[in-house]
Amino acid sequence: DTNNNRDNGTETSLDLSKEGAGRHGLGSNILYQYQGFWCSADEIQSVKDFQQNFKALDADLMLATLPKSGSIWLKALAFGIVNRINYPNSNNYHQHPLLTVSPHDLVPFIDFKHLHPDHSLLDFTKTSPTPHDHDSPCRLIATHVPYPSLAESIKNPAINCKIVYLCRNPQDTFISMWVFMNKVRPVMNNNNSSLSIDEAFEFFYEGVSQFGPFWDHVLGYWKESVENPHKVLFLKYEDLKKEPKIQIKKLAEFMGYSFSIEEERSGVIEDIISLCSFEHLKNLDVNKNGYWQNLIESKIYFRKGEVGDWKNYLTPLMVDRLDRLMEEKLHGSRLVF
Ligand code: A3P
């Protein structure tokens, strides 16, 4: 029972015996269930710290995703939109931070505080809205934490902090995650054995994936976006691929950084789209040869960047089982993939 795992938010130390048995789920480390979702012991510690100490500010923008839903793309786009005033010359991007810094460093994940404790943004008690080295007009913060487990101040209606959620169809999310986990397992937990697609599929199907179950994660944010559309914007990776201009306009408007008619006319939206495109980011030196936290090669965050790659991997039986599962889990929500 996941509720048995809920703590009252007053503890700081981690007692894994309370979190139930760990499982070799679809993650790079052993996963534990915490407040109904699965993550590693280190991540639970970071999430507890976040829940207990993070103070949301009015201008904060939270970027929420499940791993492998295009988090890095959303980070780049949001950073590009919010900071365009600082880098206004569309044909002269040579000083743009996205050219030399990984989106993961410009917009760090709060969930991995244990991996980057020195990052100024991750000082949860700090209230200054100038969090990182670049002069961002607001704090951009990323998280994989499910909606119900976000720090309370983020959800507080009196605080005008906003949340953008990006989801991706379950099949592509699963394939992207399976390939990624097999690449990071040797680095993260010294485990050189790779997980077969069959084993990985069963874990995903059972919901035992990082920050999953998949359906609980998407439904948590979906429900909130329906009830509070001014607080939560729900985007889909597939829509961003299909109609980037429309989606990016929607994103900018929601975040409070709408494009002016003049900006639209002069091609600012197209510039941001190409600055953040898969091909462009993938081929930058920082993303080709850099490392995240001196640990993970940045290039593995840029694999194919396509919709429908799952067709190259999933058997008809897997497709059928996943379809049925999603139908059952998403029933009545009006969310479709
Ligand atoms: P694939 O493995 O299917 O290629 P995350 O950032 O949440 O880890 O998601 C990673 C996925 O997003 C990977 O998917 C990656 O290739 C894709 N991706 C990274 N940058 C992208 C971009 N600029 N545009 C579209 N997809 C991108």
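The values are calculated or read from the model by the stated rules, or taken from the named source; none is laboratory data. All values derive from a computational prediction rather than experimental measurement. Note: ideal-geometry Cβ built from the backbone for every residue, glycine included; neighbour counts use all protein chains shown.
Quick notes on this structure:
- Members of region 300-337 found to be in a loop (DSSP other than H, G, I, E, B) and polar (S, T, N, Q), listed by number: THR315, SER333
- Identity of the residue in region 254-278, without any contact (Cβ under 8 Å) to a residue 24 or more places away in the chain and more than 29 Å from ASP58 (Cα to Cα), that ends up farthest from the ligand (Cβ to nearest atom): ARG265
- LEU63, sole failed condition from (1) within 16 Å of the ligand (Cβ to nearest atom); (2) of a type in the set (A, V, I, L, M); (3) assigned to a helix (DSSP H, G or I): (3)
- Residues in region 249-305 that are hydroxyl-bearing (Ser, Thr, Tyr) and within 17 Å of ASP105 (Cα to Cα): 3 in all.
- Unique residue being farther than 21 Å from GLN95 by Cβ, within 13 Å of the ligand (Cβ to nearest atom), free of Cβ contacts under 8 Å to residues at least 60 places away in the same chain and surrounded by fewer than 18 Cβ atoms within 10 Å (Cβ to Cβ) when the list is LYS245, LYS299, LYS241, LYS282: LYS299
- Output for region 172-205, where each listed residue is out of contact with any helix residue (DSSP H, G or I) (no Cβ under 7 Å at 6 or more places or on another chain), more than 21 Å from THR65 (Cβ to Cβ) and modelled with pLDDT of 90 or more: SER196, ASP198, GLU199, GLU202
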